[in-house]
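A short write-up of the structure that comes next.
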Amino acid sequence: MTCFESNPHLLKSGLNTTIEDIKTFLRFLAESGCRGFECSEESLNRIEAWGRKAVTFSETLEAIRMDLGDCQRCRLSKTRKNIVFGAGDPNARLMFVGEGPGYDEDQLGEPFVGAAGGLLTKIIEAIKYTRQQVYICNIIKCRPPGNRNPMDDEIAACVPFLKRQIASVKPDMICALGTFAAQTLLETKIPISKLRGCFHDYTGIKVLPTYHPAYLLRNPEKKREVWEDMKMLMKALNLDGAAK
Ligand code: URA
């Protein structure tokens, strides 16, 4: 075992120093007139984000899923068919958080696989990602009967697992889909129409609320606003035509 492995704080400070050194060196090269590399603030911020991913220690998604087990923490366990934990890249830069599973998701145990899921897939592809490159999950992991809204105590029982998933994935950004996702993550009752269109903060992670795809299926005229939100997301992720 190396001294870094036995002392995570040493590893963290060592990596932080290395990342700062890389940034300083890149700035030095740029200021000295060297050409042929990219040294914008956006790129330096991205290097910073690598550091954030590398230097914080967290439990794995598998460990969180194991802890959730055959969850009986709320009444939804009595009526669900499957727990819908989440899917996608465990190291994703971008995480989508929805409300809760519907019929199709409950049948398959996968998030966003029904009609709203089809639209979410199109949204993800429009911003040059694939479903496999992002992480997708929900505020609650079990389907409410008849797709009713989740109750406060159901959210309270489930949200600690979502928070652990976020701490494990450490995304650079979260797109909160719809009222329940946005209001729960941001601990507010402000309506989604007022929350969307700008970034908010959740434990240092940028959160962009937008309308839920199911709402878009009923109100297609709102797609324009979601596209505006997605353009903000792409800019913030520094996506210039290809997913990174
Ligand atoms: N709606 C959600 O909020 N989540 C899903 O997984 C499916 C539909």
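Just a few scattered comments:
- Checking F112 against (1) outside any loop (DSSP other than H, G, I, E, B); (2) closer than 15 Å to L216 by Cβ, the condition it does not meet: (1)
- For the residues E31, E125, E59, the requirement of being at pLDDT below 95, surrounded by fewer than 19 Cβ atoms within 10 Å (Cβ to Cβ) and either over 15 Å from the mean Cα position of the chain (by Cα) or polar (S, T, N, Q) (or both) singles out E31.
- Region 197-234 - residue that is in contact (Cβ under 8 Å) with a residue 40 or more places away in the chain and among the aliphatic types (A, V, I, L, M) and, of those, farthest from N149 (Cα to Cα): M234
- Taken over region 62-109, the criterion of being buried (at least 20 other Cβ atoms within 10 Å of the Cβ), outside any loop (DSSP other than H, G, I, E, B) and under 18 Å from the mean Cα position of the chain (by Cα) is satisfied by I64, G88, L94, M95, F96, V97, G98.
- L237 within 14 Å of the chain's Cα centre (by Cα), surrounded by 13 or more Cβ atoms within 10 Å (Cβ to Cβ) and at pLDDT below 95: yes
- Hits in region 123-145 - residues which are within 14 Å of the ligand (Cβ to nearest atom), within 15 Å of N82 (Cα to Cα) and of a type outside the set (A, V, I, L, M, F, W, C): N138, K141, R143, P144
- Among the residues of region 79-104, the one identified as of a type in the set (V, I, T), touching a strand residue (DSSP E or B) at 6+ places or on another chain (Cβ under 8 Å) and either farther than 15 Å from I64 by Cα or away from the ligand (no atom under 16 Å from the Cβ) (or both) is V97.
- Single unsatisfied condition, L120 versus (1) outside any loop (DSSP other than H, G, I, E, B); (2) in contact with a Cys (Cβ under 6 Å, 6 or more places away or on another chain); (3) within 14 Å of the ligand (Cβ to nearest atom): (2)
- Unmet requirement for R196, which otherwise passes all of (1) within 14 Å of the ligand (Cβ to nearest atom); (2) over 25 Å from D104 (Cα atoms): (1)
- Output for region 129-181, where each listed residue is basic (K, R) and surrounded by fewer than 21 Cβ atoms within 10 Å (Cβ to Cβ): R131, R148, K163, R164, K170
- Given (1) in a helix (DSSP H, G or I); (2) modelled with pLDDT under 95; (3) exposed (fewer than 14 other Cβ atoms within 10 Å of the Cβ); (4) of a type outside the set (A, V, I, L, M), index of the condition R46 fails: (3)
- Qualifying position, being more than 11 Å from the ligand (Cβ to nearest atom), of a type outside the set (V, I, T) and within 14 Å of the chain's Cα centre (by Cα), among A181, A157, A176, A167: A167
- L108 being at pLDDT 95 or above and within 14 Å of the ligand (Cβ to nearest atom): yes
- If only residues of region 135-150 that are more than 20 Å from Y215 (Cβ to Cβ) and assigned to a loop (DSSP other than H, G, I, E, B) are counted, the one that is farthest from the chain's Cα centre (by Cα) is C142.
The values are calculated or read from the model by the stated rules, or taken from the named source; none is laboratory data. These figures come from a predicted structure and were not determined experimentally. Cβ atoms come from the backbone with ideal geometry, glycine included; neighbour counts cover every protein chain shown.
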